[in-house]
Amino acid sequence: MWRQHRYKILLSLILLLCGLLLALNTGAAKHSSEFDALDILGEGTTLLVACGWLGLIISSRPAGRVTEWLYYGSLLLVFSYFLDLLDEFIRYPEQFRLMSWLESLPAPVGMLVLTYGLVGWHREQRAINRQLRGRELFLRDHQLIDPLTQLYGADYLHAVLQREIELHLSQHRTLCLLVLDIDDFAGFNRHHGIAAGDTYLSRLSELLSSQLRHSDVICRYAGDRFVAVLPNTTPQQAQIMAQHLRQQITQLVSAGDAPQLTVAGMTVQQHSAQAALQQTDIAIKQAKAGSALKLRPEL
Amino acid sequence: MSQRHFGYQDKILLLQHGCSELLALAQRRGALLHKLLSGTGIFEQDLHKPLGRLHYSDWLTLLKNCQQQLNSPELPYLLGNALLNSRYISLCQSLHYAQNLRQALSQLYYFRHQLFPCFYARLYRQQHGIVIEIKPAMGLANQDGFMLGLLFALILNLIKQQLGTVNGISLQLQHDASAMQQQFFGVEVSFNQAADSLCIPFSLWQQPFADANVEQLSAKIRSCRQLNRMLDKQRALPELICRLQQRALPQLLSQEQVAAMLGLSSSSLKRQLSQHQTHFAALVDSVRRDAARHLLQQGQYSNRQLASRLGYSDEHNFRRAFKRWTGVIPSSFKDLFNTH
């Protein structure tokens with residue numbers, strides 16, 4: 001990420017260098033007996049932390065408007081703290097006010113700019129949240145994301161399902177699950193290679209997450225199995241959604257030589273996520289035993 | 001002792017035997033190649049050389065890098081599957097052409113230094129089937145979970161492909177439960193067991209394989225033999241020591257005796273074992289632990305008989321050691337086992 005910001009790094013280095021040269025030019029070095037260790041420690045730490053922020057911004061954010069605001073705000077802060085630290089070592093002549101202005105003015109300006117950037121970040125995050133709907137529900141933990149499909153994995157599903165079950169029980173609403181299982185995925189991998197299997201999985205997950213409603217979340221439960229949690233959904237609605245997904249999947253399947261999917265829906269009546277997920281195994285087995293792509297009638 | 005052993009620093013693995021597959025899998029999941037290879041002696045340009053080799057310690061570093069960069073529990077299972085169907089590994093291809101599971105597994109065991117030099121196995125018979133107990137043959141630097149997953153995935157996938165079913169097979173693992181594993185193996189898995197083992201019912205051992213082919217098999221075995229010229233049939237040092245001690249029971253071998261048997265000096269034995277993150281006393285202890293467990297499972301031995309078979313001076317010492325290994329005294333272990 002930092003490669004996008006080369007000129008910014010260069011600019012900040014030049015700015016700090018200018019500050020240093022200016023300070024050296026106008027002032028004279030203090031004697032070592034005049035150093036105040038506590039001040040140096042305090043101001044040094046502030047400077048280091050501000051530099052750390054700058055580094056994090058550069059290394060984690062793509063180029064863009066919000067990044068610019070965040071970056072220039074922090075740069076002004078760093079500049080101000082840097083001069084602050086320098087005057088512990090350098091004494092300026094009494095009549096020369098420029099240095100003290102340079103020291104105190106950039107900090108509040110930088111804070112304002114940084115705050116404006118943070119507001120922008122907040123708005124951006126809301127936009128990203130909208131983008132993430134269907135892939136995420138109430139809980140965020142980037143370590144649980146499956147790196148291939150960019151969906152959440154089984155642990156996440158477990159946590160979300162447990163919470164939804166408790167909520168739905170207390171409010172007497174119905175919670176449904178959709179289970180999607182790829183038929184003979186091992187065979188597909190064997191014939192076409194694991195690389196083709198990986199491509200298929202990522203295309204499939206892209207399709208599935210785009211076809212769900214905003215309140216739903218889909219997770220990769222196992223290597224070849226996906227589970228979608230549909231909060232506040234009646235079995236009839238779930239059935240319609242399953243039918244819709246099947247149609248979408250046929251398009252994906254007809255595009256190439258890809259394996260079929262079995263879709264099964266079930267209503268959660270269990271009181272724990274563990275039991276509900278065990279029930280999904282049974283549901284998918286029954287769906288496979290019956291004709292493929294058929295929903296259980298008692299749903 | 002004619003068998004040679006390899007050092008921790010010998011290049012005993014082929015890049016084609018897993019390394020390039022693992023890198024491809026990890027890269028498709030967003031890992032960066034230079035970060036995966038950092039700390040290993042593998043160079044990017046060597047990856048496509050057909051006979052490029054690597055150290056086992058490099059392989060372990062590679063696995064560690066993978067886990068640091070990716071949180072993908074399916075990796076060992078996918079890799080096992082990829083190895084099994086790889087066109088570049090004649091050992092894996094030969095498994096498909098075997099007559100039956102017995103022949104395939106003995107083939108895998110005979111040439112295991114080409115693919116899994118880190119494990120050795122012991123077989124014993126139980127009521128319903130034959131148990132394959134997998135033991136680490138060398139220091140695995142916390143990657144034993146991954147390697148076991150890889151090995152079991154390979155074997156189970158082979159059975160699934162050739163016999164069409166894995167019914168009746170059960171898997172025992174030493175480490176803790178994790179939600180994903182049950183899903184991937186597709187068989188009954190129990191955790192926190194005394195050993196890592198796979199129990200295969202008698203009926204599956206002799207059932208003919210779907211792709212059994214005598215000519216293809218002998219061709220593949222020939223190319224395995226040719227590969228032996230590059231990858232010597234060597235065993236890891238800890239495995240050799242365990243085998244020697246196993247054979248010598250109830251007599252206990254000293255470090256000097258074993259060193260002499262292996263043609264090493266005592267200090268170099270010590271140094272090489274420390275490269276495997278183990279030491280002599282721990283190996284002897286593990287051999288006695290496994291032997292005690294086997295004897296207890298086999299039949300009705302008294303503690304005094306067990307103590308004398310395992311080289312303990314009296315039964316009190318044996319009971320104390322057993323409590324240390326398993327946390328229970330021998331008699332309650334027997335009960336535990338008999339109720340199952």
### Two-decimal Rg to Rh for the stretch B:235-339 - Kirkwood Rh, Cα set
1.03
### Query
Roughly how tilted is helix B:101-110, in degrees to the nearest 10 and between 0 and 90, from the longest Cα axis of chain B?
90 degrees
### Message
For A:Lys288, give me every one of the aspartates and glutamates with a C-alpha distance below 13 angstrom, ignoring sequence neighbours fewer than eight places off in its own chain.
### Response
A:Asp181, A:Asp183, A:Asp184
#### Entry: Under 20 Å from the A:Met111 label point (7 Å along Cα→beta-carbon), backbone N, the stretch A:56-82
A:69-82
### Query
Straight-line reach from A:Lys30: which aspartates and glutamates have Cα under 13 Å away, leaving out those fewer than 8 places along the same chain?
A:Asp87, A:Glu88
### Candidates B:Lys323, B:Lys233, B:Lys220: whichever shows maximal mean-square fluctuation once chain B is modelled as a Gaussian network with Cα springs under 10 Å
B:Lys323
## Note on the structure
Rounded to a whole number, the mean other protein chain Cβ count within 10 angstrom for residues of B:69-79 is 4
### Task
For the stretch A:127-165, state which chymotrypsin sites (Phe, Trp or Tyr not before Pro) are in a DSSP loop and have at most 12 other beta carbons lying within 10 Å of their beta carbon.
A:Phe138
### Summary
GNM on chain A, Cα springs under 10 Å; top mean-square fluctuation among A:Pro62, A:Pro259, A:Pro93 goes to A:Pro93
### Query
If you put +1 on each Lys and Arg Cβ and -1 on each Asp and Glu Cβ, how big is the dipole of the protein assembly as shown around its Cα centre, in Debye rounded to 20?
1920 debye
### Query
Given B:Lys160/B:Lys220; B:Lys64/B:Lys220; A:Lys8/B:Lys64, which pairs have Cα atoms separated by over 30 Å?
B:Lys64/B:Lys220; A:Lys8/B:Lys64
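Suppose R0 equals 30 Å; then what is the FRET efficiency for B:Asp285 and B:Tyr110 from their Cβ-Cβ distance, rounded to the nearest 0.05? Don't skip to the end; give the middle numbers.
On the way: r = 29 Å, r/R0 = 0.97.
Calculated value: 0.55.
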#### Entry: Anchor B:Lys334: lysines whose Cα lies under 18 Å away (excluding residues fewer than 8 positions away in-chain)
B:Lys323
### Summary
Karplus ³J(HN,Hα) for the stretch B:137-149 (6.51 cos²θ - 1.76 cosθ + 1.60, θ = phi - 60°; Hz, whole; x = Gly/Pro) runs 9, 7, x, 10, 6, 6, 9, 5, x, 4, 5, 5, x
#### Entry: Förster-model FRET efficiency, 35 Å R0, B:Leu264 and B:Lys11, C-beta, rounded to 0.05
0.95
### Query
Label-point separation (nm) for A:Asn232 and A:Gln278, each offset 7 Å from Cα along Cα-to-Cβ?
3.1 nm
### Summary
Counting Lys and Arg as +1 and Asp and Glu as -1 over every other residue whose Cβ sits under 11 Å from the Cβ of B:Leu151, the net charge comes to -1
### Those GluC sites (Glu not before Pro) in the stretch A:1-104 that DSSP places in a loop and that have at most 11 other beta carbons within 10 Å
A:Glu94
### Query
B:Thr326: net charge of surrounding residues, Cβ under 10 Å, Lys/Arg +1, Asp/Glu -1, itself excluded?
+4
### Query
So what's the angle, to the nearest 10 degrees on a 0 to 90 scale, between helix B:56-69 and the longest Cα principal axis of chain B?
80 degrees
### Message
Out of the chymotrypsin sites (Phe, Trp or Tyr not before Pro) in the stretch A:1-79, which ones are loop residues according to DSSP with at most 15 other C-beta atoms within 10 Å?
### Response
A:Phe35
### Task
Over 48 Å, how big is the tail of the calculated P(r) for the protein assembly as shown, in percent of all Cα pairs?
34 percent
### Message
Explain nothing, just the number: relative contact order of the stretch B:235-339, from Cα pairs under 8 Å at least 6 residues apart, as a whole percent.
### Response
23 percent
### Query
Taking the Cα centre of the stretch A:151-299 as the origin and placing charges on Cβ (Lys, Arg +1; Asp, Glu -1), which of A:Gln260, A:Leu180, A:His168 is farthest toward the positive end of the dipole?
A:His168
### Query
At a 1.4 Å probe radius, carbon and sulfur cover how many percent of the accessible area of the stretch A:142-289?
51 percent
### Query
Check B:Tyr120: other-chain or 5+ apart residues with amide H under 5 Å from its amide H, H built from backbone geometry?
B:Lys135, B:Ala137
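Suppose only helical runs count, i.e. DSSP H with n ≥ 4. What mean residue ellipticity at 222 nm does that imply for chain B under -39500 (n - 2.57) per run, divided by all residues and rounded to the nearest 500 deg cm²/dmol? Don't skip to the end; give the middle numbers.
Details: 18 runs with 185 residues, N = 340.
Dividing the helical sum by the residues of chain B leaves -16000 deg cm²/dmol.
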### Query
Using 1/(1 + (r/R0)^6) with R0 = 41 angstrom and r between the beta carbons of B:Lys49 and B:Gln69, what's the FRET efficiency to the nearest 0.05?
0.95
### Summary
Mean-square fluctuation maximum in Gaussian network of chain B, Cα pairs under 10 Å, restricted to B:His113, B:His55, B:His316, hits B:His316
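Whats the longest run of chain B with zero chymotrypsin sites (Phe, Trp or Tyr not before Pro) that are DSSP loop and have at most 15 other Cβ atoms within 10 Å?
With a cap of 15 other Cβ atoms within 10 Å, the longest stretch comes to B:192-340.
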### Message
Please give the charge dipole size of the stretch A:175-272, origin at the Cα centre, charges +1 on K and R Cβ atoms and -1 on D and E Cβ atoms. Round to the nearest 20 debye.
### Response
180 debye
## Note on the structure
Taking the convex hull of the alpha-carbon atoms of chain B and averaging its shadow over every direction gives an area in square nanometres of 17.7 nm²
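The values are calculated or read from the model by the stated rules, or taken from the named source; none is laboratory data. This structure is a prediction, so every number in the text was calculated from the model and none was measured. A quick note on method: Cβ atoms are made from the backbone with ideal geometry, for glycine too, and the neighbour counts reach across all protein chains shown. SASA here: full protein model, heavy atoms, side chains in, ligands and nucleic acids out. Shrake-Rupley method; radii C 1.70, N 1.55, O 1.52, S 1.80 Å.
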